[in-house]
1. Using the Karplus curve 6.51 cos²θ - 1.76 cosθ + 1.60 with θ = phi - 60°, what ³J(HN,Hα) values do you get for each residue of segment 247-258, in whole Hz, with x for Gly and Pro?
2. Taking the chain as the reference, fit the longest principal axis to its C-alpha atoms, fit the long axis of helix 159-170 to the helix C-alpha atoms, and give the angle between the two in degrees, 0 to 90, nearest 10.
3. Rounded, prolate or oblate: pick one for segment 1-64, where a ≥ b ≥ c are the square roots of the eigenvalues of its C-alpha gyration tensor, a/c under 1.5 means rounded, and failing that, prolate if a/b is larger than b/c, else oblate.
4. Please report how far the C-alpha centroid of segment 43-58 lies from that of segment 76-146, rounded to the nearest whole angstrom.
5. For n ≥ 4 DSSP H runs only, could you compute -39500 (n - 2.57) per run for the chain, divide by its residues and tell me the 222 nm figure to the nearest 500?
6. Solvent-accessible area per residue for segment 97-170 at a 1.4 Å probe radius, Å²?
7. Please identify which residues in segment 67-96 have an amide N closer than 18 Å to a label point set 7 Å out from the Cα of residue 56, following the Cα→Cβ vector.
8. Taking the square root of 5 times each eigenvalue of the Cα gyration tensor, what semi-axes in Å does the equivalent ellipsoid of the chain have, largest first?
Amino acid sequence: MLAQSERGLEIICIDDGSTDGSIEIVKDIARKDSRIKLMTQQNQGAGAARNTGIKAAKGEYIAFLDADDYYPSANTLARLYAAAKTNNALICGGSLITWDGSIARTNFPENLSGNKFEKEGWVNFSDYQYDYAFYRFIYRREFLVKNGLYFPDYRRYQDPPFMLRAFARAGRFYAIPDATYCYRINSAHMDWTRDKVLDLLCGIEDNLKFSAANGYERLHALNYMRLNNDFRNAIVNVAVQYDGEGKILKKLIDVQRAANSGMLAASGRISGDEMSCSRSLSEIIVRLSAQGAQIKKEGWFINKKIFKAYTWPIRAAGKLARRIKYRDKDR
């Protein structure tokens, strides 16, 4: 950030309750560079930290940079700002680079193709329908604040709901083919907890509801596919191992209800079985049912009320699946 050629920067560093001594490093640098403003808060997550930065910012445009990522060029922000100003854009951005420590990726599979722009110009969001890698863009601060466009209070998946609402509100954005952000892939194991999985599901549910209400068919299918593929293992493993209360399964049922079967069918990417019951939901039901069978086999029915409370999400999910099945038959 300090090496950027754009000199009129206001650099706001949010210390979100760090415990590694990084705050002292920032303080030391801030003494030598008056552009840096350090703000501290109790640990609340990345979304809350970004919201703090949005509210504190004074500049015309806002850029977001996570602590472990970097800009590909010293001219990145200058290039983005010039393009945004010249075209009076509310949002302006470019392409993504991912870096795993040895390989820099600039090409992506179909489900991530929105990470790259081939040419410069205006893009209608109704044509784009993508909600990943929000940090490749700069946003007019007044536009965000005036429209209350902040990150939801989720520990996971808070970025896509923010990006979806901001881009939908703007209607269009200005794209440049330049790489404007380098995302450093962390090879460390993701520490998924029950609360993080629940927040992930809340974020996906938000985007399913918003995309259904606004007719974003491809984006609707994209979020549903992530539920079934990208995050399935984390959802299922945490639900089965650490969620005896069934909160994850209950939320998965809510997410399933938010999925619009007509939009999913029209996308051509989702099978009929998945529309009735997502892979994540199906797999949890199967694994919990197997656990229930094992419990019964071993004679652990001393307290039937406890077992009934434990297995209620399976019954609820089954009822939901049957309702969807019969509703589709009646159409």
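The values are calculated or read from the model by the stated rules, or taken from the named source; none is laboratory data. From a predicted model like this one, the values you see are computed outputs, not experimental measurements. We place every Cβ from the backbone using ideal geometry, glycine too, and count neighbours over all the protein chains shown. Areas reflect the complete protein model, heavy atoms only, side chains present, ligands, DNA and RNA absent. Shrake-Rupley method; radii C 1.70, N 1.55, O 1.52, S 1.80 Å.
1. Values, residue by residue: 5, 5, 5, 4, 5, 4, 5, 4, 5, 4, 5, 6 Hz.
2. 60
3. Oblate.
4. 21
5. -16000 deg cm²/dmol
6. That works out to 49 Å² for each residue.
7. Label zone hits: 67-68.
8. 40, 25, 16
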